[in-house]
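Undergrad: Handing you a structure now.
The values are calculated or read from the model by the stated rules, or taken from the named source; none is laboratory data. Just so it is clear, the structure is predicted and the values come from calculations on it, not from any experiment. Quick reminder, even Gly has a Cβ in these numbers, built from the backbone with ideal geometry, and neighbours come from all protein chains shown.
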Amino acid sequence: MSEKKEFGDFQTPLPLALEVIDLVESLIGKPERIVEPTAGLGTFLDAAQERWGKGLVYNGYEINTAYVREANSRLSKRDIVIEQKDFFEADWRSFLASVAPERVLVVGNPPWVTNAELGSLGSKNLPKKSNFQGLNGFDAKTGKANFDIAEWMLIRLIEAIPPSGALAMLCKTMTARKVLRHLWKTNGGREQSSLFLIDAKKNLALLQSC
């Protein structure tokens, strides 16, 4: 359980991933490439291919080698390959720039864990230390410097996405609001940003019943 907590490991139920893909299509249409940067077992890639078929490019990345093996075994007949990669070591800006001007969709469910929780576990699964929120000296040394790991990840991905791309992620409502506020404050905001509510308890119960 501590390892699952360290990696913010809560796998997305396939029915929820399918709902997300349907919502994305209603908003932006059909992309040309799907990227799941914290793929886990590749549920979003699985859902995307079920919706859009094999004519697209599917890129999945995951730090957990056991998940990589299991996902590749399960998805081997569907032209989906998940590579082992540490999110914090990857150059997402260069990678996403290299696939432009394709209509790329970055989708997934980043870790639901905070910087402080990982610190208490002695985890090394953290971004390099930096005052990315632009906090003042005292605030940077107090609890205000604590943040969801997903917040850091989403900011980095949004900054890296080319104009032809879009991002759709499951995260806490507060995390989404903090990400948007940060981007607006730094003039890094994106057009047509929207928040949609999900029933987390319902989907957690669905996951536990699988």
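Undergrad: Can you find even one residue in segment 90-107 that is surrounded by 15 or more Cβ atoms within 10 Å (Cβ to Cβ), aliphatic (A, V, I, L, M) and modelled with pLDDT under 90?
TA: Among the residues of segment 90-107, not one is surrounded by 15 or more Cβ atoms within 10 Å (Cβ to Cβ), aliphatic (A, V, I, L, M) and modelled with pLDDT under 90, which makes the answer no.
Undergrad: Something else about it: Pull up segment 135-192, narrow it to residues that are part of a strand (DSSP E or B) and at pLDDT 85 or above, then point me to the one that is surrounded by the most Cβ atoms within 10 Å (Cβ to Cβ).
TA: Residues of segment 135-192 part of a strand (DSSP E or B): 148, 166-169.
This time we only want the ones that are at pLDDT 85 or above, so: 166-169.
Details: 166: 17, 167: 19, 168: 17, 169: 21.
The residue in question is 169.
Undergrad: Suppose we filter segment 52-91 for residues that are closer than 17 Å to residue 109 by Cβ and of a type in the set (D, E, K, R); how many remain?
TA: So the count comes out to 3.
Undergrad: While we're looking at this one, here's another question. Are any residues in segment 95-110 under 13 Å from residue 150 (Cβ atoms) and either in contact with a Phe, Trp or Tyr (Cβ under 6 Å, 6 or more places away or on another chain) or without any contact (Cβ under 8 Å) to a residue 60 or more places away in the chain (or both), and if so, which ones?
TA: Residue satisfying the conditions is 108 alone.
Undergrad: Might you check whether a residue that is buried (at least 16 other Cβ atoms within 10 Å of the Cβ) and touching a residue at least 40 places away in the same chain (Cβ under 8 Å) occurs anywhere in segment 65-76?
TA: Within segment 65-76 (the criterion being buried (at least 16 other Cβ atoms within 10 Å of the Cβ) and touching a residue at least 40 places away in the same chain (Cβ under 8 Å)), the answer is no, since none of the residues qualifies.
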